[in-house]
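J.: I'd like to ask some things about the structure below.
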Amino acid sequence: AESFDFRQLEHKWSAIWEQLQPFTVDDPNDQRPRKYILDMFPYPSGDLHMGHAEVYALGDIVARYWRLRGFQVLHPIGWDSFGLPAENAAIKRGVDPREWTYQNIAQQRQSMKRYATSFDWSRVFHTSDEEYYRWNQWLFLRMYEKGLAYRKDSWVNWDPVDQTVLANEQVLADGTSDRSGAVVVKKKLTQWYFKITDYADRLLDDLNQLEGRWPQKVLTMQRNWIGRSFGAEVDFVIEGHPEAITVFTTRPDTLFGATFMVVAPESDLASELVAGASPEVQERFGTYLEKVQQSSEIERQDHTREKTGVFLERWAINPVNGERISVWAGDYVLADYGTGIIMAVPAHDQRDLDFAIAHDLPVRVVVDVTAPVTGAIPVVTQEMLDSGEVPELDPVATGVALAGSGRMINSGPLNGLSKDNAINRMIELLEEAGTGRATKTYRLRDWLISRQRYWGTPIPIVYDEEGNEIALPDDQLPVTLPPSEGLDLRPKGSSPLGAIDHWVNTELDGKPVRRDADTMDTFVDSSWYFLRFLSAHDDTQAFDPAEVDKWAPVDQYVGGVEHAILHLLYARFITKVLFDLGYLTFTEPFTSLLNQGMVILDGAKMSKSKGNVVYFSEELDNYGVDAVRLSMAFAGPPEDDIDWRDVSPVGSQKFLARAWRLARDVQSEPGIAFGNGDGTLRRATHHLLNDLPGLIESFKFNVAVARLMELVNVARKTIDQGPGGSDPAVREAAETVAIALSMFAPYTAEEMWEILGFPPSVAHATWPSPDHTLLVEESVVAIVQINGKVRARLDVSPSIGTDELRKRALADETISSLVEGQEIKNLIVRPPKIVSIQLAD
Ligand code: ANZ
């Protein structure tokens, strides 16, 4: 017999699909319900890799599933093709970033097609296409009009290797750049920002709508990133300073314990305050500031670090007790959180205590943490005090701040109150006195979008001769990215575009103007791309509202957890902005989210430097597309990492050959009635038809594949050891396998479908409804004997267990009345057929 030849199948069906274009969605009269299934679009950094192999296999299962269920499915693809890697590669190899990018796109596109992804190829776009990025510029202008895009002179995260500005999100936890790995430093620049902080509350509160639909981990990461804290602002008068200075605190209850203030050294306020100090202090401050600027934000937040600082020779007045307290500059206070200056409460805040001890500043305990407060466990217990574990309630002696709850002391009107009550009372008192108010603050910063790089969307702003910014009118769009020829793309802290005189210097309304030479962060491109697919080639608008109405929001989004914060937060933000501008009628872009894990090898992330890279194209060459796709689905729960070492594409291949042989062994015609086919096989088939939808909808793809394998085995038994290939149940099983397999292994499934006598494509088959009479379990009769005589017959499941059968027998009315009051000498249970009871005589 012929053998299963995946290469031949791939060759044959690619050509047919290319002809049929089975996944183009373009029938305006199609009345079926709709699903929008979106996979995160790739960055064209070379050929596809194994991570892509996973995400596009999983996304395709979902898309193909909904098609089988009778939905119109929009499953588009494009390329996220602006950004640094193209430019860096171009610098390294001396090729045009454009050429490099589009060559990679061509290669990925080919691989994607080979991989049998069911995309609508008519909607492809690349974010580096002028036809796309002009709408980034359009979006920028709409945001500018609403005051949501603004320019600000500020400290930015600077990557000294790539010589570019980074968003906070691009600075890793260890303070290095997620691009170059360099330690990120601070630098002052004038930059464009999107005002995402205006949306902080909505971005946070709307996460509740996504509960149960997005991974919990992602929801938590988004919540932490936004980082809302409730507290109070308190105004402090500083002697000799014209206006009051406001601090943010989450603990206004401790205000009586505020014994000094600390300002972030690089803040404008610090320079203002030091201006009046003596020359020595000014000099000391200057030296200190320089040192601070060389350290990363992460280092500065390191709790174990020595608390350095400089006294500014300034005094503030504590608004609640009139005390004069000293004002310091210290680098544990960050310039861009809260107001950049704090009231220090050393008795109850560890960092403040460390600072107080280092600089010999007063410490006053205002919370008695040993006093019992219902529902709160003090950090220092009476037992600890008694046992001498904590010598006394003296933070200076112990070096440990009293962070726990308790009752207020040394705090005038607050004395005796618990923490929560004291917070509320203090806010009332401050509000009455006009020296403070309840407030909240966020970790979230505005989104810095300017990049001093070439390969991105030009910012649609020009400056007149006085340097005033002017937004370009819409009819001046697109601002086209000029060719890179002759440009020095190497990073130098200013945009390469600035060097093109004839591009930078232009005219608006007959007046000379200069273009902004920076380009936009590529996260702008991906913040709204899911809308562009809905009218990908519309050159009159960014997206067509009628199409948006039909398809959006995205029903199922599939992609890597590495985008849990940045991309998803920005896309959510822009969606809300577009809603507010009246362009959309929904506020969350992605109704449901599936994050796949990583593909690793030997427990480690694949990387060229480690030499543990598995290459996508080689795997396809060796095992075939279907075997690789099936292995991705079968490897385990999608959110777990897949160690490619533990995966068996060979095993997948063998299974596919078995499935294919099943179709070949069918000896009946299409349309044959299945009704009197073999009962066991029919029941197996209908159980699968019944169970697979739930498994796919809950992303248990591996379980679904295991069930398919089982069905193929049962069908094989029916052919070889049962009624044979002409039994109608064999055809029914084979058709079911072909349909279900089309989600995982499209080439094999398509071939099976053809062998079974149907025209292509199996992707458009309909999921057969299970026959519920076949789902009821078959029952067998178990007999119950007492002393060798049959006394009862029970209808039981053929798979009944020993314990269950014993219970059922003894619970039977006849049996229990006969057994009652007697001693059972012996009881034999042989499921599912016999229970034999021996009574003592
Ligand atoms: C007094 C106080 C007493 C504080 C106490 C805490 C404990 P979260 O909860 O993270 O929002 N803070 C405010 N602005 C800061 C800045 N720019 N840099 C460093 N620290 C800053 O933190 C809020 C608390 O962090 C604020 O409450 C303030 O210290 C400090 F027993 O005020 B607290």
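The values are calculated or read from the model by the stated rules, or taken from the named source; none is laboratory data. Predicted, not measured: the structure shown is a model, and the values here were computed from it. When we count neighbours, we look across all protein chains shown, and the Cβ atoms used for this are built from the backbone with ideal geometry, even at glycine. Protein only, heavy atoms only, side chains kept; ligands, DNA and RNA dropped before computing areas. Shrake-Rupley method; radii C 1.70, N 1.55, O 1.52, S 1.80 Å.
J.: Out of (1) surrounded by fewer than 22 Cβ atoms within 10 Å (Cβ to Cβ); (2) under 25 Å from the mean Cα position of the chain (by Cα), what's the single condition that is false for THR127?
T.: Unmet for THR127, out of (1) surrounded by fewer than 22 Cβ atoms within 10 Å (Cβ to Cβ); (2) under 25 Å from the mean Cα position of the chain (by Cα): (1).
J.: Looking for whichever is β-branched (Val, Ile, Thr), outside any helix (DSSP H, G or I) and open to solvent by less than 20 Å² (accessible area, probe 1.4 Å) here; the options are VAL548, VAL558. Which one fits? Give the steps one after another, and end with the answer.
T.: Numbers: VAL548 fails: outside any helix (DSSP H, G or I).
Checking each option against the conditions leaves just VAL558.
J.: Here is a follow-up. Suppose we filter THR773, THR814 for residues that are free of Cβ contacts under 8 Å to residues at least 24 places away in the same chain, loosely packed, with under 13 Cβ neighbours inside 10 Å and under 30 Å from ARG731 (Cβ atoms); which single one remains?
T.: Only one candidate passes the filter, namely THR773.
J.: A further question follows. Given the condition more than 24 Å from LEU48 (Cα to Cα), among the β-branched types (Val, Ile, Thr) and within 17 Å of the chain's Cα centre (by Cα), answer yes or no: does some residue in the stretch 537-549 qualify?
T.: no
J.: Here are ASP621, ASP665, ASP626, ASP580: which of them is touching a Phe, Trp or Tyr at 6+ places or on another chain (Cβ under 8 Å) and charged (D, E, K, R)? Before you say what the answer is, go through the steps one by one.
T.: Values: ASP621 fails: touching a Phe, Trp or Tyr at 6+ places or on another chain (Cβ under 8 Å); ASP665 fails: touching a Phe, Trp or Tyr at 6+ places or on another chain (Cβ under 8 Å); ASP580 fails: touching a Phe, Trp or Tyr at 6+ places or on another chain (Cβ under 8 Å).
It is ASP626.
J.: Can you tell me which residues in the stretch 266-297 are under 19 Å from VAL185 (Cβ atoms) and not in a helix (DSSP H, G or I)?
T.: GLU266, SER267, GLN294, SER295, SER296
J.: With respect to the numbered conditions (1) in contact (Cβ under 8 Å) with a residue 12 or more places away in the chain; (2) over 19 Å from ASP235 (Cα atoms); (3) open to solvent by 50 Å² or more (accessible area, probe 1.4 Å), which one is the sole condition not fulfilled by ASP349?
T.: It is condition (3) that ASP349 fails.
J.: When you scan the stretch 305-342, how many residues do you find that are out of contact with any Ser or Thr (no Cβ under 6 Å at 6 or more places or on another chain), of a type in the set (A, V, I, L, M, F, W, C) and within 15 Å of the ligand (Cβ to nearest atom)?
T.: Here the count works out to 9.
J.: Of the residues that make up the stretch 277-297, is at least one closer than 27 Å to ARG364 by Cβ and within 12 Å of the ligand (Cβ to nearest atom)?
T.: Within the stretch 277-297 (the criterion being closer than 27 Å to ARG364 by Cβ and within 12 Å of the ligand (Cβ to nearest atom)), the answer is no, since none of the residues qualifies.
J.: Going by the structure shown, is THR748 open to solvent by 90 Å² or more (accessible area, probe 1.4 Å), in contact (Cβ under 8 Å) with a residue 60 or more places away in the chain and within 30 Å of PHE4 (Cβ to Cβ)?
T.: Against the criterion (open to solvent by 90 Å² or more (accessible area, probe 1.4 Å), in contact (Cβ under 8 Å) with a residue 60 or more places away in the chain and within 30 Å of PHE4 (Cβ to Cβ)), THR748 does not qualify.
J.: Please pick out the residue among LEU204, LEU210 that is within 16 Å of the ligand (Cβ to nearest atom), open to solvent by less than 50 Å² (accessible area, probe 1.4 Å) and under 25 Å from the mean Cα position of the chain (by Cα).
T.: Answer to the selection: LEU204.
J.: If you don't mind, another one. Got a sec? Which of PRO22, PRO28, PRO44 is without any contact (Cβ under 8 Å) to a residue 24 or more places away in the chain, more than 20 Å from the chain's Cα centre (by Cα) and not in a helix (DSSP H, G or I)?
T.: After applying the criteria, what remains is PRO28.
J.: Counting only residues that are part of a loop (DSSP other than H, G, I, E, B) and either touching a Cys at 6+ places or on another chain (Cβ under 8 Å) or of a type in the set (Phe, Trp, Tyr) (or both), which one in the stretch 298-343 is surrounded by the fewest Cβ atoms within 10 Å (Cβ to Cβ)?
T.: The residue in question is TYR337.
J.: For the stretch 218-230, which residues satisfy the criterion of being over 14 Å from the mean Cα position of the chain (by Cα) and hydrophobic (A, V, I, L, M, F, W, C)?
T.: ILE226, PHE230
J.: Would you please name the residue that is farthest from ASP60 (Cα to Cα), looking only at residues in the stretch 687-706 that are without any contact (Cβ under 8 Å) to a residue 24 or more places away in the chain and surrounded by 15 or more Cβ atoms within 10 Å (Cβ to Cβ)?
T.: Checked the stretch 687-706; the qualifying residue farthest from ASP60 (Cα to Cα) is ASP691.
J.: Could you run through the stretch 567-593 and say how many residues are surrounded by fewer than 22 Cβ atoms within 10 Å (Cβ to Cβ) and closer than 30 Å to ALA57 by Cβ?
T.: 6
J.: Moving on to the next point. Which of (1) free of Cβ contacts under 8 Å to residues at least 60 places away in the same chain; (2) outside any helix (DSSP H, G or I) does ALA571 not meet, given it meets every other one?
T.: (2)
J.: If you don't mind, another one. Name the pairs whose Cβ atoms lie under 7 Å apart, with the first residue in the stretch 659-686 and under 15 Å from ALA738 (Cβ atoms) and touching a residue at least 24 places away in the same chain (Cβ under 8 Å), the second in a loop (DSSP other than H, G, I, E, B) and among the basic types (Lys, Arg), and 6 or more positions between them or separate chains?
T.: none
J.: Being under 23 Å from the mean Cα position of the chain (by Cα), at pLDDT below 95, small (Gly, Ala, Ser) and open to solvent by less than 20 Å² (accessible area, probe 1.4 Å) narrows it down to one residue among SER154, SER177; which is it?
T.: Every option except SER177 fails the conditions.
Okay, residues lined up against (1) within 14 Å of the ligand (Cβ to nearest atom); (2) hydroxyl-bearing (Ser, Thr, Tyr); (3) open to solvent by less than 40 Å² (accessible area, probe 1.4 Å); (4) under 36 Å from the mean Cα position of the chain (by Cα):
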| residue | (1), (2), (3), (4) |
| --- | --- |
| GLN216 | no, no, no, yes |
| ALA232 | yes, no, yes, yes |
| VAL237 | no, no, no, no |
| ILE245 | yes, no, yes, no |
| PHE256 | yes, no, yes, no |
| SER271 | no, yes, no, no |
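J.: Looking at VAL262 and the list (1) in contact with a Gly (Cβ under 9 Å, 6 or more places away or on another chain); (2) open to solvent by 10 Å² or more (accessible area, probe 1.4 Å), which single condition is not satisfied?
T.: Every condition holds for VAL262 apart from (2).
J.: Moving to a separate point now. So which residues in the stretch 358-374 are open to solvent by 10 Å² or more (accessible area, probe 1.4 Å), touching a Pro at 6+ places or on another chain (Cβ under 8 Å), of a type outside the set (Gly, Ala, Ser) and free of Cβ contacts under 8 Å to residues at least 60 places away in the same chain, if there are any at all?
T.: THR370, PRO372
J.: Additional query: If we scan the stretch 436-444, do we find a residue that is open to solvent by 70 Å² or more (accessible area, probe 1.4 Å) and modelled with pLDDT of 95 or more?
T.: Scanning the stretch 436-444, I find at least one residue that is open to solvent by 70 Å² or more (accessible area, probe 1.4 Å) and modelled with pLDDT of 95 or more, so the answer is yes.
J.: Pick from the stretch 357-369 the residues that are of a type outside the set (D, E, K, R) and either part of a loop (DSSP other than H, G, I, E, B) or out of contact with any strand residue (DSSP E or B) (no Cβ under 7 Å at 6 or more places or on another chain) (or both): which of them is nearest to the ligand (Cβ to nearest atom)?
T.: Top of the filtered list is VAL366.
J.: Evaluate the stretch 180-190: report whether one residue or more is under 23 Å from the mean Cα position of the chain (by Cα), at pLDDT below 95, away from the ligand (no atom under 14 Å from the Cβ) and not charged (D, E, K, R).
T.: yes
J.: Right, another one. I need a count of the residues in the stretch 475-515 that are in a helix (DSSP H, G or I), open to solvent by less than 50 Å² (accessible area, probe 1.4 Å) and either at pLDDT 95 or above or among the small types (Gly, Ala, Ser) (or both).
T.: 4
J.: Restricting to the stretch 278-297, give me the number of residues that are crowded, with 16+ Cβ neighbours inside 10 Å and either without any contact (Cβ under 8 Å) to a residue 60 or more places away in the chain or polar (S, T, N, Q) (or both).
T.: 9
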